[in-house]
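Enquirer: If you scroll down you'll find the structure; I have some questions about it.
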Amino acid sequence: MSASPEIDRRALDEERRRLNQRLEEVSRLSEGDSPPGVFYGEMLRRLLESLAAPAGAVWMKTVQGNLQLQFQINLKDTGLDQSEASRVSHDELLRSALAQGKPFHMMPRTSLGGAQEGQSAGGNPTDFIQMLVPVQVSGQVAGLIEVWQGGNRALNAIPGFLQYMGMMADLCARYARNQMMAQLSGQQQVWTQLETFSRQVHGSLNVTEVSYLISNEGRRLVQCDRVCMIASRHGAIEVTAISGADVVEKRSNLVQTLRGLCKEVMKWGERLEFQGVRDDTLPPKVLQALDNYLAESGSKLLVVQPLRKEEADAEKLREREKAGKKPEEARAALVLECFDPPLEPQQIIGRMDVIARHSASAITNALDYDRVPMQWMWLPVARFEEMLGGRGKAILAAVICGVAGLASALAFMPYPLKMEASGQLLPEVRRKIFPPTEGIIRELTVSPGQEVEENGNLGLMHDSQLESQIRQLLREMKDAQKEFALKVQQSTSGTDSDRFNAATDAAKASKLLESKRRELAALVQRTNALASSGKVGWFHLKSPGFIELTAQERESVNTRKWTVLSTGFKEELTNRAVKPSDELLRVGVVDGPWEIELRIPQQHLGQVLQAFQDQGVEELDVDFILRSNASRKWKGKLSRSRIGGEALPSQEDKDNPEPVVTAFVRIDDPELVDRLRNFDERSGTEVKAKIRCGTRKMGYALFYGVWEFIYEKIVFFF
């Protein structure tokens, strides 16, 4: 019984020696030149062995202030990746630990609480006891050591665990300070060469030239195998320079995969460091692009540094961090590669940090300048300004030259003179439909666009006066018929004198009957009446016959059918009383030629007629557009003989009935004629036209209206 305390004391002393030994081993590592991945890995393994913990991780702050995983052991066994909520809760816990700056622990399945609305509360979503200890360098939290301990461990042991983790955190802080000093040493070695490098990269605003200076001179300063420059130009990521290469082969697999890697890293916004060990904590797209590039390049050390203009301005960067704003989007990237890197690459990375800050402002300035439009024009303007001795003199000289050039162009340069007019599309062979007599339209049997035979029925009308006329003629015919029959009967008996008189009266009755029949037939033919069908007073509205066309019109058409051109007439005309002077419908032959009924303003007519005389032609070219399709210009011909001889007030504008002259423009374009025949365009479509009246001096062609106004209102009176 007396040996048991002695054994426990001996075991406790042995355990203390092992713990101290691990601390000494980590202390020696912190003074060495081990890479961060090696140091943090060795430290974490010894820490977990000392605490008999199943999992742990080391997080260090990046330059941008974000936590980056340096090394982890059995992180997947904790179950943090089982759900998005677990990852978010763990991220919030890390932020709280970073802000708090003190060691603490969280029991399994607990949370900090006090989360803002719409955000998750930080907590421990695992089944392990979670312990967090900050790594402080120069009074600032530089990282975190995170350990997951079994949930069955005694709670009174947790303070001892946190104390031991604090010792390891102090060693990590020592290592971080040593690394910082090593980086400063590497930066000091290139300080004398940096001034020359800075002058060179800031001495040009050409993107390609700046990129090659950064790549070639940067490779010499950093002392690596290859430096590449990638920039975002005109919305696309481009590999603008590769050290040691005069031309960038954009189609090569190496350049394509490098472009894809830098595109993803620039979206990510963080610096990518690859030192021969795959980091599964990288974003999936970045990790995939990195694997693709490494398969082509075979680099053992690869650093991709996104470049932002604000990185050269530390004060501006701190202001954005204080305001909680995200860094601005990277517009370029600097890539460093080593195929046989040294055991300690921190000096190379430190030198890269220095040239990256200078390169960021140089390349972003060049990219800003590259975005300026029409540089080929502004550079001569700037030289011209310097030559004249100031901006004011340059502006005055430019104004004088511009006015002189404009005046010379207006006075001497020929320019086409075009007269504006408006009109509408119509078939060349067309007719207006008028009622044959007064009446009421009872029914219209046609629709817009319907084809109708010649002399075809268009509608049915009724007129009470016509009914009275027809009934009166029918009564007179009936009376004449009776009179004729009576006189014929009387002519067969009686004296010779009586028979002679009866025969004479029968002849008169026969003539009267024939006269009334002819009068009724003429009335029926003139009015298209339906007297024979018993519908007295009713008559048809008919289409014209083709026999009424002129010989030229009959030659131009290939069909004997009319097409109804009018629209909306049924609602307007049904049950309406009309007169023979009222236009009811318009019909035309759409399969024939088409023309434009053009309304030329009276003030433009003189220019049009003068153009015929000056050019000695019978036809003028006409450009026109359709209101239904204003994006296409068509051409036609205006003949001198098809210009009306009378100027009449315009019916289109009642408020300002300026006199216009009607003219007809022939359409020569076969495509437009086909569209019209296939009803792709409609009759009556509004047209805006310009009649080409030859060439005049530009000033007169553009401002002839002003000249005529001045002449009419001023010159004419003096």
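The numbers here are math on the coordinates, done by the rules we state, and not lab data. It should be emphasised that the depicted structure is a prediction, and the values quoted were computed from it without experimental measurement. Backbone-built Cβ (ideal geometry, glycine too); neighbour counts: all protein chains shown.
Enquirer: Ranking request for peptides 482-494, 341-353: highest mean number of other beta-carbon atoms within 10 Å first, then the rest in descending order.
Expert: Output ranking for 482-494, 341-353: 341-353, 482-494.
Enquirer: Can I ask one more? Determine, from the Cβ-Cβ distance of residue 658 and residue 475 and an R0 of 35 Å, the FRET efficiency 1/(1 + (r/R0)^6), rounded to the nearest 0.05.
Expert: For residue 658 and residue 475, the calculated efficiency is 0.05.
Enquirer: Separate question: Count charges around residue 203 for me, please; just the other residues with Cβ under 15 Å from its Cβ, Lys/Arg as +1, Asp/Glu as -1.
Expert: Every neighbour counted, the sum reads -2.
Enquirer: Where does each of 622-628, 539-545, 283-289 land if you order them by average Cβ count within 10 Å, highest first?
Expert: 539-545, 622-628, 283-289
Enquirer: Sort 524, 715, 63 so that the residue with the fewest other Cβ atoms within 10 Å of its own Cβ comes first and the one with the most comes last.
Expert: Placing the least packed residue first, the sequence is 715, 63, 524.
Enquirer: Kindly state, to the nearest 0.05, the FRET efficiency for residue 223 paired with residue 74, given R0 = 41 Å and r defined as their beta-carbon distance.
Expert: Plugging the Cβ-Cβ distance into 1/(1 + (r/R0)^6) gives 0.60.
Enquirer: Still on this structure: For Kirkwood radius over Cα pairs in Å, the choices are (i) 26.1; (ii) 27.1; (iii) 37.4; which was calculated from the structure?
Expert: (iii)
Enquirer: Shape call for the stretch 190-370 from the C-alpha gyration tensor, a ≥ b ≥ c root eigenvalues: rounded (a/c under 1.5), prolate (a/b greater than b/c) or oblate?
Expert: rounded
Enquirer: Among 258-268, 444-454, how do they line up from the highest to the lowest mean number of other beta-carbon atoms within 10 Å?
Expert: Descending packing order for the listed peptides: 258-268, 444-454.
Enquirer: List the lysines whose alpha-carbon lies under 19 Å from that of residue 267, not counting same-chain residues fewer than 8 positions away?
Expert: The qualifying lysines are 285, 309, 325, 326.
Enquirer: Still on this structure, please answer the following. Sort 596, 395 so that the residue with the fewest other Cβ atoms within 10 Å of its own Cβ comes first and the one with the most comes last.
Expert: Ranking 596, 395 by Cβ neighbours within 10 Å, fewest first, gives 395, 596.
Enquirer: A further question on this structure: With the cut-off at 1.5 for a/c, could you classify the stretch 1-152 from its C-alpha gyration tensor as rounded, prolate or oblate?
Expert: In terms of gyration-tensor shape, oblate.
Enquirer: Hey, which lysines would be in cross-link range of residue 102, C-alpha to C-alpha under 18 Å, not counting anything within fewer than 8 residues on its own chain?
Expert: 61
Enquirer: List the relative contact order of the stretch 321-460 as a percent without decimals, with contacts defined as Cα pairs under 8 Å and 6+ residues apart.
Expert: Worked out over the stretch 321-460, it gives 12 percent.
Enquirer: Just tell me which aspartates and glutamates come within less than 16 Å, Cα to Cα, of residue 688; anything on the same chain fewer than 8 places away is out.
Expert: Result set, ordered by chain and number: 420, 595, 597, 621, 623, 652, 653.
Enquirer: Can you classify the stretch 554-623 as rounded, prolate or oblate using the Cα gyration tensor, where a ≥ b ≥ c are the square roots of its eigenvalues, rounded means a/c under 1.5, and otherwise it's prolate if a/b beats b/c and oblate if not?
Expert: Oblate is the answer for the stretch 554-623, as a/c is 1.5 or above yet b/c matches or exceeds a/b.
Enquirer: Hey, which of these cross-link pairs are over 19 Å Cα-Cα: 76/300; 432/561; 690/713?
Expert: Among 76/300; 432/561; 690/713, the Cα-Cα distance tops 19 Å for 76/300; 690/713.
Enquirer: When every alpha-carbon pair in the stretch 593-717 is counted, what percent end up more than 27 Å apart?
Expert: Of the Cα pairs, 25 percent sit more than 27 Å apart.
Enquirer: When only C-alpha pairs under 8 Å and at least 6 residues apart count, what is the relative contact order of the stretch 459-508, in percent?
Expert: 29
Enquirer: Neighbour counts of other C-beta atoms within 10 Å: give me 338, 172, 401, 224 arranged from fewest to most.
Expert: Fewest-to-most ranking of 338, 172, 401, 224: 401, 338, 224, 172.
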